[in-house]
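What follows is a single structure, written as structure tokens, with notes after it.
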Amino acid sequence: MDKKTCKVGTRFTAGITATAFGAAFALSAVSASAEDVTLTIESWRNDDLEIWNSKIIPAFEAQNPGIKILFAPTAPAEYNAALNTKLQAGTAGDLITCRPFDASLQLFEKGHLASVNDVAGMENFSPVAKSGWSTDDAATTFCVPMASVIHGFIYNKDAFKEVGVEAPTTEAEFFAALDKIKEEGSYIPMSMGTADQWEAATMGYQNIGPNYWKGEEGRLALIAGKQKLTDDAWVEPYRVLAKWKDYLGDGFEAQSYPDSQNLFTLGRAAVYPAGSWEISGFNVQADFELGAFLPPVKTAGDTCYISDHVDIALGMNAKGKNTEAAKTFLSWVASAEFAEIYANSLPGFFPLASHDVKLEDPLAQEFVTWRAKCESTIRSTYQILSRGTPNLENNTWVASANVIKGSDSPEDAAKDLQDGLASWYKPQQ
Amino acid sequence: MERHEAGGKQEALRKPFRWHILVFLLPAATVYTLVMIYPLAETLRLSLFREVDNSPIFVGLANFADLFFDSRWSDQFWNALWNNIYFFIVNMLVQNPIGIALAALLSIPRLRGRSFYRTAIFLPTLLSFVIVGFGWKLILSPLWGVAPTLLDFVGLKFLFAPWLGKEAYALTTVALVSVWQFIGLPMILIYAALLSIPEELMEAAECDGVTGFAQFWKIKLPLILPTIGIISILTFVGNFNAFDLIYTMQGALAGPNFSTDLLGTLLYRTFFGHQLQLGDPHMGATVATMMFLIILSGVALYLFVIQRRITRYQM
């Protein structure tokens, strides 16, 4: 009880403080140059403040005299609450950074976000790229997609050379390589733990899964109720995950996410099931050569599918005062120039537009070439399916961790997930 | 005549209404109402509503029915409640006996370095949950922790397991960490109680031939029983409000497989949401109300039933 009151209190204060700061910023900006239009960007990416101020904003302002941009981020954990408070009070900025799926959809439904269907440049985005910020029927998109993260495996090239294995492409090669590394004994074959649970689901199930449920085809069929989580296509990845147990380090049950990262960057493990957001961190931490390989396919020559998960977008405050200027900025966000600056400043966050972007980071470049080779999809639990109780995403974390630990069989885990989903989701009943 | 006089005296003695009492009470009462009573009442009210199409609708006790009987909620609720009871039992069974034993040892008059022990054992109680949680997580880590190495020194490495990651041990491990942190409280309270036992009483006991352990069981323990009662109720309230330690050690999803989920973590997930789960203030308030009622009934049981039966001795 106490906890609740206290938490609400903090949130409230945080909201007020943020609002006050936002207002102060806006005021000072306005008084600085009365004729210019100033657009304020609400964001949770306070890590990127430097990149926005030194690279992105100057590039835009040079081409668009008369429009000034103010990047005003909040702490990530407070962003949603602070943003809601500002939107309700009418003090939010003109541009709003959008979380993917339901959090932003809710803002659109409440009339806080405007449609961006008519923003120039929206035609550069694929339906998958737009899925994170579209209504369920995909008719209206309310944020311009900025970046996604791609799943795959990052490996220690030196270790592979030492043991004498090649980057695998099929499931059989994958396990053969792990066997060989294990036999050789100087490296832990794979660095992952189940203590935090989300690794098992995100870097495990959602990483290798699309190859089995055929990416978008399976994901959309699940949403439409034409496939079930107990179908072979959805259970098979769990059967594969169950085999991972033997290749993880001692005591992986209590190994947390930072443990896994350190184990790999210290050179003690050979393979790291990854998301591309690790790239910049690993580049700094690891003193060996890094490589990446695709989630292995079942048999050689199969179409490969990758999880190219939409992560961040930019929308427009429906009650903003500078709609035209905001649209100008949004269409610039959809341009090749923005994509190039953003992707090279934050390697591992890949632009979603269909421009041909040159990446300077070799590892990031490796990841992004997969888009041409393979079919893209997003994480299966994110759209629509995690709206109810029990929450499918939370349960997928728990189920994936249980399967890897061996405390639950792949079939039982899948059945639990299906029962949970069917208990509230009409198309699955 | 006399009676009349007496009545007259009473009349004269009756003082005017003492307004200053109200005035003095007012600031505290206002603050308490604002920060405690109002939020509490608001929470109770919130639990009777449900959000339909962006507007709250009165649904009576339907949220509670869902929480108890609809397996979408009840599985989690009963699991968290049972875990919480187990957490409390471990705390009571381990913390109190050790606390009493430590206090008894500390009160030995010949003990050297007493204040050092007292401070050292009490210190963890003053530490933040975050420090305790992360500290123990590191100690017990199978990768970099000192626990496997230390066990190896004494040849017991085979006993080590990644306890925090195993369903069977995780809750017990976290409960023992909580005991480690709070062992200082029962120790210091019981120590104080033991010190307040007059020396003559012990001398009299010795004259009657009651010494050593018998002296502790027959004389000291009954005298500190009320203190143990107070400690129990403090532990009860603390345990059923527990959240911080689980959150820092096991995350909001209270893994593995919800085996360390307490009512506090369930409330947090329900009220504020988690990852893709959006927060539901109404169901959250329902869980919060249940926590309140459980703690209220536990405290009431203690105050009205148990405390009245404890014999108190004038010392």
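The values are calculated or read from the model by the stated rules, or taken from the named source; none is laboratory data. Quantities reported herein were computed from a predicted structural model and do not represent experimental measurements. Here the Cβ is made from the backbone with ideal geometry for all residues, glycine too, and neighbour counts use every protein chain on show.
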Any residue in the stretch A:171-181 that is modelled with pLDDT of 90 or more, β-branched (Val, Ile, Thr), surrounded by 22 or more Cβ atoms within 10 Å (Cβ to Cβ) and in a helix (DSSP H, G or I)? yes
B:Leu296 is checked against (1) among the hydrophobic types (A, V, I, L, M, F, W, C); (2) on the phi > 0 side of the Ramachandran plot; (3) under 17 Å from the mean Cα position of the chain (by Cα) and fails just one. What number does that condition carry? (2)
Just one of (1) buried (at least 16 other Cβ atoms within 10 Å of the Cβ); (2) assigned to a loop (DSSP other than H, G, I, E, B) trips up B:Thr227, so point out which. (2)
What's the number of the condition B:His282 fails, among (1) more than 23 Å from B:Phe236 (Cα to Cα); (2) within 11 Å of chain A (Cβ to nearest Cβ)? (2)
Scan the stretch A:380-429 for residues that are over 24 Å from A:Trp244 (Cβ atoms), part of a helix (DSSP H, G or I) and among the basic types (Lys, Arg) and report the count. 1
Within the stretch A:248-260, is even one residue over 23 Å from the mean Cα position of the chain (by Cα), part of a helix (DSSP H, G or I) and surrounded by fewer than 20 Cβ atoms within 10 Å (Cβ to Cβ)? no
Among (1) at the interface with chain A (Cβ under 9 Å from one of its Cβ atoms); (2) at positive phi, where does B:Leu253 come up short? (2)
Just give me the residues in the stretch B:231-250 being out of contact with any Phe, Trp or Tyr (no Cβ under 6 Å at 6 or more places or on another chain), at the interface with chain A (Cβ under 9 Å from one of its Cβ atoms) and over 16 Å from B:Trp82 (Cα atoms), in sequence order. B:Gln250
Across the stretch A:370-400, what is the number of residues that are under 16 Å from the mean Cα position of the chain (by Cα) and aromatic (Phe, Trp, Tyr)? 2
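Yes/no matrix, rows are residues, columns are (1) closer than 20 Å to A:Gly348 by Cβ; (2) touching a residue at least 60 places away in the same chain (Cβ under 8 Å); (3) of a type in the set (Gly, Ala, Ser); (4) out of contact with any helix residue (DSSP H, G or I) (no Cβ under 7 Å at 6 or more places or on another chain):
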{"site": "A:Val240", "(1), (2), (3), (4)": "no, yes, no, no"}
{"site": "A:Glu253", "(1), (2), (3), (4)": "no, yes, no, no"}
{"site": "A:Ala270", "(1), (2), (3), (4)": "no, yes, yes, no"}
{"site": "A:Ser276", "(1), (2), (3), (4)": "yes, yes, yes, no"}
{"site": "A:Pro295", "(1), (2), (3), (4)": "yes, yes, no, no"}
{"site": "A:His309", "(1), (2), (3), (4)": "yes, yes, no, yes"}
{"site": "A:Met316", "(1), (2), (3), (4)": "no, yes, no, no"}
Can you list residue pairs whose Cβ atoms sit under 6 Å apart, with the first residue in the stretch B:125-143 being under 27 Å from A:Leu266 (Cβ atoms) and the second being of a type outside the set (Gly, Ala, Ser) and in a loop (DSSP other than H, G, I, E, B)? Count only pairs 6 or more apart in sequence or on different chains. B:Pro142/A:Asp250; B:Pro142/B:Pro162
Only one of these conditions is not met by B:Leu262: (1) away from chain A (no Cβ under 14 Å); (2) at pLDDT 95 or above. Which number is it? (1)
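Looking at B:Ile131, B:Ile121, which one is touching a Leu at 6+ places or on another chain (Cβ under 9 Å) and more than 9 Å from every other protein chain (Cβ to nearest Cβ)?
Details: B:Ile131 fails: touching a Leu at 6+ places or on another chain (Cβ under 9 Å).
Exactly one residue qualifies, and that residue is B:Ile121.
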Within the stretch B:242-274, track down each residue that is of a type in the set (Ser, Thr, Tyr) and either over 19 Å from B:Phe292 (Cβ atoms) or within 21 Å of the chain's Cα centre (by Cα) (or both). B:Tyr247, B:Thr248, B:Ser259, B:Thr260, B:Thr265, B:Tyr268
